[in-house]
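Take a look at the structure below.
The values are calculated or read from the model by the stated rules, or taken from the named source; none is laboratory data. These figures come from a predicted structure and were not determined experimentally. Glycine also receives a Cβ, built like all others from the backbone with ideal geometry; neighbour counts cover every protein chain displayed. Note: areas computed on protein heavy atoms with side chains; ligands, DNA, RNA excluded. Shrake-Rupley method; radii C 1.70, N 1.55, O 1.52, S 1.80 Å.
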Amino acid sequence: MALRYINFDPELNPDGSVRLISTSRQSADGPTIELRDPSDSHRFHFDTQVVKNAKHPKEKVRGKLIYEKKGKTDPLFPSEESKPISKNDIRKGDTLEIELKSGEIRRLYEGLGRMYRLAGDVEDIPSGAATYIEVDSAVRSLLGLLREDPSATRMLADNDTFDLVKELVRLLTQGTSHEQLSEILNGLESDNLASLSTGLSLEILQRAANEIRENFSNTSEEYWQAEILEKYPWIISQLFSTPCTLFHSKAFVGGASIEHHGGNVVDFIYQNELTKNLALVEIKKPSANLLGGAYRNHCYSLSPHLSGAVNQVLSYRHSLMTKLAQLKMDSPRKDFEAFNPQCIVIIGSTSEFDRYGVDKRGDAVATFENFRNALNGVTVITFDELLKKVEDLISILSGDVR
């Protein structure tokens with residue numbers, strides 16, 4: 001689980017912190033989400049609560065929507081001196097309508113999003129009061145590694161660097177703000193920061209390599225798309241000769257917009273960071289065959305998996321290019337282009353060629369290499385080749401280059 005919130009010293013109260021106060025072993029009151037700035041005469045807010053929901057574990061947040069008014073000379077609001085009206089008081093024929101303006105909807109959406117992120121990281125309802133602070137993605141990676149696998153400290157080069165990590169965690173758990181942490185990091189020696197950065201990078205690379213290696217037998221395309229390549233999008237970035245980052249996953253290249261249903265679904269779209277040109281990536285599975293049966297004269301036919309994947313991604317490219325104007329018009333994001341987009345197909349494994357035996361393995365390899373090297377604008381790479389690229393990065397960072 002990616003750690004977003006951490007518990008820290010309750011005596012501190014930095015900006016952005018969230019305080020929970022337990023009401024039972026199963027629930028704790030959270031902060032109030034102000035939907036409208038309160039005044040002397042009215043209040044409109046949503047009172048949150050975090051709960052343990054055994055039946056629906058993902059549904060951990062509930063609350064009360066409260067709108068009330070009082071006279072300017074009244075000392076108390078109605079909820080402070082009497083039982084408020086609730087939906088239980090509505091009888092047959094009655095209607096209870098509470099309109100939320102766009103700004104109020106936005107405040108509620110952002111507040112509930114924060115509460116759901118927090119609830120996802122609260123394994124047990126705290127006893128008494130507890131205060132949490134949200135940490136950024138870099139700190140989440142560090143804390144997540146150390147929380148999930150204490151042995152991950154092997155990534156640290158020496159005792160000095162390990163002491164640095166412990167100090168960073170201590171500062172964060174005591175409520176150090178991002179500005180204060182930045183000042184502290186600026187004062188550290190560059191060698192220590194470089195050692196920490198390299199150690200973290202190596203650990204993440206190694207985890208990605210292990211997950212790929214250990215799941216080669218997994219025959220689910222959805223697993224490889226969502227659990228590996230969407231989790232580690234930088235792996236695919238290594239396949240491009242230009243600086244590219246993930247633009248969208250499960251994108252619709254022939255429908256109403258990039259983000260919405262209604263057309264061909266490509267697994268990943270990457271984008272050149274500088275030119276904004278897109279590239280299409282189609283994912284199959286390691287077990288997909290690359291070749292079919294023997295054809296003639298030491299040649300083999302292509303498998304339906306390989307030829308189908310290539311034609312599929314070419315069809316996606318055609319849809320994207322012919323419908324680009326409409327896609328840009330209907331999509332919130334306008335900063336993308338489609339200048340003869342590069343296509344990548346990730347499929348199969350070169351270990352397949354071993355099944356042909358010593359005498360015919362060379363013919364099988366030649367068939368595959370001749371085919372993929374003759375393709376124009378489509379790059380075919382196998383999963384074990386993808387793994388080898390990650391392993392090469394590990395070797396470079398670890399200094400174990402042979």
**Request:** Considering every residue within segment 329-337, establish whether at least one is at pLDDT 90 or above and closer than 28 Å to Glu273 by Cβ.
**Result:** no
**Asked** Which one of Ala288, Ala279 is among the small types (Gly, Ala, Ser), assigned to a loop (DSSP other than H, G, I, E, B) and either under 26 Å from Glu214 (Cα atoms) or modelled with pLDDT of 65 or more (or both)?
**Response** Ala288
**Request:** Could you tell me whether segment 393-401 includes any residue that is more than 23 Å from Val281 (Cβ to Cβ), acidic (Asp, Glu) and not in a helix (DSSP H, G or I)?
**Result:** yes
**Request:** Only one of these is over 28 Å from Thr219 (Cβ atoms), in contact with a Phe, Trp or Tyr (Cβ under 8 Å, 6 or more places away or on another chain) and either surrounded by 14 or more Cβ atoms within 10 Å (Cβ to Cβ) or among the β-branched types (Val, Ile, Thr) (or both): Leu324, Leu278. Name it.
**Result:** Leu278
**Message:** Please determine whether any residue of segment 295-310 is in contact with an Asp or Glu (Cβ under 8 Å, 6 or more places away or on another chain) and closer than 30 Å to Thr275 by Cβ.
**Reply:** yes
**Fill in**
Filtering segment 319-359 for residues that are without any contact (Cβ under 8 Å) to a residue 12 or more places away in the chain, out of contact with any helix residue (DSSP H, G or I) (no Cβ under 8 Å at 6 or more places or on another chain) and closer than 30 Å to Leu302 by Cβ leaves a count of 5
**Complete:** Within segment 299-351, the residues that are charged (D, E, K, R), more than 20 Å from Leu239 (Cβ to Cβ) and in a helix (DSSP H, G or I) are Lys328, Asp330
**Item:** Residue in segment 369-378 that is within 24 Å of the chain's Cα centre (by Cα), of a type outside the set (Lys, Arg) and either part of a strand (DSSP E or B) or closer than 14 Å to Val310 by Cβ (or both) present
**Value:** no
**Message:** What's the number of the only condition in (1) in contact with a Phe, Trp or Tyr (Cβ under 8 Å, 6 or more places away or on another chain); (2) in a loop (DSSP other than H, G, I, E, B) that Leu108 fails to meet?
**Reply:** (2)
**Message:** Just to be sure before I move on: is Ile258 of a type in the set (A, V, I, L, M) and modelled with pLDDT under 80 in the structure I sent?
**Reply:** yes
**Asked** Which condition number in (1) open to solvent by less than 100 Å² (accessible area, probe 1.4 Å); (2) under 20 Å from Ala129 (Cα atoms); (3) not β-branched (Val, Ile, Thr) is the one that Arg19 fails?
**Response** (1)
**Request:** Being at pLDDT 90 or above, surrounded by 14 or more Cβ atoms within 10 Å (Cβ to Cβ), over 16 Å from Gly377 (Cα atoms) and hydroxyl-bearing (Ser, Thr, Tyr) narrows it down to one of Tyr300, Tyr356, so name that one.
**Result:** Tyr300
**Item:** Checklist (1) in contact with an Asp or Glu (Cβ under 6 Å, 6 or more places away or on another chain); (2) open to solvent by 80 Å² or more (accessible area, probe 1.4 Å); (3) closer than 16 Å to Ile21 by Cα applied to Gln49, failing item
**Value:** (2)
**Prompt:** When segment 76-92 is examined, which residues are found to be modelled with pLDDT of 85 or more and open to solvent by 80 Å² or more (accessible area, probe 1.4 Å)?
**Reply:** Arg91, Lys92
